[in-house]
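Student: Here it is, the structure, as structure tokens.
Values quoted throughout were computed directly from the atomic coordinates according to the rules given, and no laboratory measurement underlies them. Every value quoted in this text rests on a predicted model; they were computed, and no experiment measured them. Virtual Cβ from ideal backbone geometry, glycine too; neighbours counted across all protein chains shown.
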């Protein structure tokens with residue numbers, strides 16, 4: 001299981017460019033550079049505290065560009081996992097209520113997702129940072 005971020009190739013390229021030119025430098029992003037796809041996917045958020053309001057990267061938007069701090073990763077990942085679980089639960093309940101022919105499939109999907117989620121939540125990840133003479137090496141296990 002991972003992030004299920006769906007962006008078009010054009011939006012992903014734009015996101016990477018915006019990161020290089022604005023996000024990495026912590027500069028605000030003008031609205032004329034922002035595509036509807038980036039907003040719909042939650043990659044950027046409007047900063048209303050600057051005038052005129054402009055955009056900045058959300059934590060979710062930092063994931064595709066590899067810029068999300070490890071300490072914030074769980075804060076972003078957990079709600080996405082729970083949202084997907086709710087989607088499976090609602091699909092099953094709806095199929096059960098309607099006595100839909102795909103009820104068995106919905107139940108199987110729900111059981112599989114619950115099992116995967118339980119496996120993820122029972123695991124521990126370890127972050128290793130190794131400083132060498134050529135740079136820093138990071139490993140997550």
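Student: Taking neighbour Cβ counts within 10 Å as the exposure measure, how do 134, 5 sort from fewest upward?
Tutor: So the residues, fewest neighbours to most, are 134, 5.
Student: Next up: Taking a temperature of 10 °C and a viscosity of 1.306 mPa s, what whole-number D in µm²/s does Stokes-Einstein yield for the chain with Rh from Kirkwood over alpha carbon pairs?
Tutor: D, rounded to a whole number, is 88 µm²/s.
Student: Which whole-number percentage describes the relative contact order of the chain, with Cα contacts under 8 Å and a sequence gap of 6 or more?
Tutor: 14 percent
Student: Specify the angular offset, from 0 to 90 degrees and rounded to the nearest 10, of the alpha carbon long axis of helix 9-21 from the longest principal axis of the alpha carbons in the chain.
Tutor: For 9-21 against the chain, the angle is about 40 degrees.
Student: Let me ask something else. In what order do 10, 84, 62 fall by count of nearby beta-carbon atoms within 10 Å, going from fewest to most?
Tutor: 10, 84, 62
Student: Return one quarter of the surface area of the convex hull spanned by the alpha-carbon atoms of segment 71-137, equal to its mean projected area, in nm².
Tutor: 6.0 nm²
Student: Please report 105, 22, 32 as a ranked list, fewest other C-beta atoms within 10 angstrom at the top and most at the bottom.
Tutor: 32, 105, 22
Student: Kindly provide the helix-only [θ] at 222 nm of the chain, computed as the sum of -39,500 (n - 2.57) over DSSP H runs of four or more divided by all residues, to the nearest 500 deg cm²/dmol?
Tutor: -16000 deg cm²/dmol
Student: Follow-up. Can you compute the modelled spin-label distance between residue 128 and residue 97, with each label point 7 Å from Cα toward Cβ, in nm?
Tutor: About 5.0 nm, to one decimal.
Student: Okay, moving on. Taking the chain as the reference, fit the longest principal axis to its C-alpha atoms, fit the long axis of helix 70-98 to the helix C-alpha atoms, and give the angle between the two in degrees, 0 to 90, nearest 10.
Tutor: In the chain, helix 70-98 runs at an angle near 30 degrees to the longest axis.
Student: Report the relative contact order of segment 70-140, percent, no decimals, based on alpha-carbon pairs under 8 angstrom and at least 6 residues apart.
Tutor: 20 percent
Student: How are the C-alpha pair distances of segment 9-62 spread across 10 Å bins, as whole percents from the shortest bin up?
Tutor: Result, from short to long distances: 27, 63, 10, 0 percent.
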